[in-house]
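Remarks on the structure that follows.
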Amino acid sequence: MLSAVSVSAGCKPAGRTDCKSMFRTARYFNPPLSWRIWNFFPRALGLAALVSVYGCSFRTAPLWEEFSGAKAFGHVQHLVELGPRPAGSEALEKSRIYIADQLKSFGWTTTRSEFSASTPRGMMTFVNLVARFGNQEGPAQFLLCSHYDTKTFDAIRFVGANDGGSSTGLLIEMARVLAINPALAAKVELVFFDGEEAFENFTATDGLYGSHHFASELRELAKNFRGGILFDMIGDKSLQVTLSPDSPIDLARNIFAAADALGQRAHFTYFGGGITDDHTPLNEIGIPVIDLIDFDFPPWHTAEDTLDKISAESLEIVGRVALYDVMQFELK
């Protein structure tokens, strides 16, 4: 804090104040505004010269470059450390708490959508997590989705680092990055599906419990959405995102264009056949959603789907391509 002005003893001869003497001897001198303005211009010109000579730029990095594969990987690691996370388990409830807490720290409000459904193992309770940025009440325009459960196995310990973990870690990091641009985040709805995994085999009545329920609730609002992206198994170290041949044409074209723009086109291709996943119920109600999934993953549904099979680099590639797509194409 500045102290009071200190004036020399000879500043007040004959009982009057010599202002010039005060200014000369004052410890802290606040020059007139006109002086400060004239001193500012040479400095500003000097700064402009530096920018011109050295090519300095004050532009911030594009939003997609803010996506950190390391941060996404950290979230996956936390989830994997909880162990197997099948529907109805205590570990999955801990996952929900972790996801909601992380999103809250980035400014998102998470709603729990709890429902019951009949399964081959009887009636089960599932919980979808739906998040909006801030306190948005109007409809969103674009969906970003992942399932966060792991498949139920009685004979093996299945922690789903890639299947259930990678996409969830990516979506949490996506929430952090989107929050940097509140106007963009306000147009997005994040959805974490419970019950994606079938208890036995995928059929019309087994599997995709969370997305079926979400789609049934959204049917009347489907026209408000321009589209969406589903992430699933996108952490494989040897990344090869395989789009289903029946992917919405515009979304597929945009994803390929985004990958090409970022020099990552080699990691994106088409799969040899159709893929049933959480995007399926949403497409059925008229919301075009594309599934970004690396279906060429040998440890799929085995005890070997562990943290050492995925990489921060793969998470970063998919996260940045998706953000580029959302910003430059889907919500531009």
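Worth pointing out:
- You can think of it this way: the chain between Ser216 and Ala183 has 9.1 nm of extra reach, that is 0.36 nm per residue less the Cα-Cα gap.
- At R0 = 22 Å, FRET efficiency that the Cβ-Cβ distance of Arg226 and Glu65 yields, to 0.05: 0.40
- Gyration tensor (alpha-carbon) shape descriptor, the range 248-332, a/c threshold 1.5: oblate
- Sites Arg253 and Glu284, calculated FRET efficiency, Cβ-Cβ separation with R0 25 Å, nearest 0.05: 0.70
- Across the options Gly169, His301, Thr205, the greatest Cα extent toward the positive end of the charge dipole of the range 64-330 (unit charges at beta carbon of Lys, Arg, Asp, Glu) belongs to Gly169.
- Net charge dipole, the range 74-205: roughly 280 debye, given to the nearest 20, about the Cα centre with Cβ charges of +1 for Lys and Arg and -1 for Asp and Glu.
- Straight-line cross-link reach from Lys237 at under 18 Å between alpha-carbon atoms covers these aspartates and glutamates, not counting any fewer than eight positions away in the same chain: Asp163, Asp294, Asp296, Glu304, Asp305, Asp308, Glu313, Glu316.
- The range 196-332 - share of DSSP beta bridges that are antiparallel (%, nearest 5): 20 percent
- This model, with +1 at the C-beta of Lys and Arg and -1 at the C-beta of Asp and Glu, gives the range 64-330 a dipole about its Cα centre of some 580 debye.
- Placing unit charges on the Cβ atoms of the charged side chains and taking the dipole of the range 64-330 about its Cα centre, the candidate lying farthest along the positive direction among Ala155, Leu92, Ala72 is Ala72.
- Span from the the range 119-188 Cα centroid across to the the range 58-103 one, whole angstrom: 9 Å
- Average silhouette area of the range 64-330, convex hull of alpha-carbon atoms, in square nanometres: 12.3 nm²
- Calculated FRET efficiency, Asp308 to Tyr270, Cβ-Cβ distance, R0 = 30 Å: about 0.60 to the nearest 0.05.
- Annotation: extensible slack from Thr109 through Ala204 equals 31.0 nm (criterion: 0.36 nm per residue apart, minus Cα-Cα distance).
- When the listed pairs Lys151/Lys309; Lys94/Lys187; Lys71/Lys94; Lys151/Lys223 are checked against a 24 Å cut-off, the alpha-carbon distance exceeds it for Lys94/Lys187; Lys151/Lys223.
- The DSSP beta bridges internal to the range 64-330 are antiparallel in roughly 50% of cases.
- Set the Cα radius of gyration of the range 73-119 against 2.2 N^0.38 Å, with N its number of residues, and you get 1.28.
Readers should treat all values here as calculations from the given coordinates under stated rules, not as data from a laboratory. Keep in mind that what you see is a predicted model, and the values were worked out from it rather than measured. Cβ coordinates were reconstructed from backbone atoms using ideal geometry, including for glycine residues, and neighbour counts include every protein chain displayed.
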